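Take a look at the structure set out below.
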Amino acid sequence: MINLNRRDKILLIILAVLAVLFLYAKLLIIPSTDKISNINSQISSNEAQIVTLDYKKDQNTIIKRNIKNLQPKYDDAKNQITISRKDGNITTDISRLCSNHNVKLTSLVFQEGVVYSQNVTGKNVANPNKSVPNGNLMEMGTTITITGSISDVIKFIDDLEHTKRIDVINNVSINNSDNTNKASIVANYFYISGEDTGSASDSTSSTK
């Protein structure tokens, strides 16, 4: 049997205590520290997600407000460029202008709609296409014939250029016969091709 002096016994006790502390640290403290570290990382990640969600919420609020502000402009745009030809709306607008300016509508002719395009030189070109997918910008030639005084005809033409429905006046000719001024106006109306594009006839004429 080995006899240990007092100094050796103290060293053995210290080593035993250190061994116990090492095992305690390895089995309990280090795993707990790692777990705490992981939890802190998750907390940081969750906080970042909360900040992101708050930002997205603010952005959604801004987007909703912008959409609400744009709604009147969108509704007005739908009146300027309609889905499908809607010849009846054009007829109603022109009849109203005739009544407002004391001119008589003698003829209103709608041509077949064509796909609108623009070439590289900037000149507007309309290419005929009878089978048109939805969503194309269409152009429809319209010939308006009216009679009335020169001043009333000019006022009618000026108002025609400023209607909500987008139109472009290409040509105006005025003839005087038997003290009657007859004006022929060629204008293009625009619309977006849709499922009900074919509801209107390609060429119609009305006389008042």
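Okay, here's what the table says:
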item: Residue satisfying all of: in the range 71-91; under 17 Å from Gly141 (Cβ atoms) and modelled with pLDDT of 80 or more; surrounded by the most Cβ atoms within 10 Å (Cβ to Cβ) among these; result: Ile90
item: Residue within the range 63-70 that is of a type in the set (A, V, I, L, M, F, W, C), modelled with pLDDT under 80 and assigned to a helix (DSSP H, G or I) present; result: no
item: Filter result (surrounded by fewer than 18 Cβ atoms within 10 Å (Cβ to Cβ) and assigned to a helix (DSSP H, G or I)) within the range 92-107; result: Thr92, Asp93, Ser95, Arg96, Ser99, Asn100
item: Residues satisfying the stated conditions in the range 108-132, i.e. modelled with pLDDT under 55, farther than 20 Å from Asp87 by Cα and in a strand (DSSP E or B); result: Asn124, Val125, Asn127
item: Residue check, Leu28 modelled with pLDDT of 75 or more and either over 30 Å from Ser149 (Cβ atoms) or open to solvent by less than 90 Å² (accessible area, probe 1.4 Å) (or both); result: no
item: Residues of the range 166-190 satisfying the condition of being buried (at least 17 other Cβ atoms within 10 Å of the Cβ) and at pLDDT below 85; result: Asp167
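The values are calculated or read from the model by the stated rules, or taken from the named source; none is laboratory data. Here the structure is a predicted model, which means the values were calculated and not measured. Positions of Cβ are generated from backbone atoms using ideal geometry, with glycine treated the same way; all protein chains shown enter the neighbour counts. Heavy atoms of the whole protein, side chains included, go into the accessibility calculation; ligands, DNA and RNA do not. Shrake-Rupley method; radii C 1.70, N 1.55, O 1.52, S 1.80 Å.
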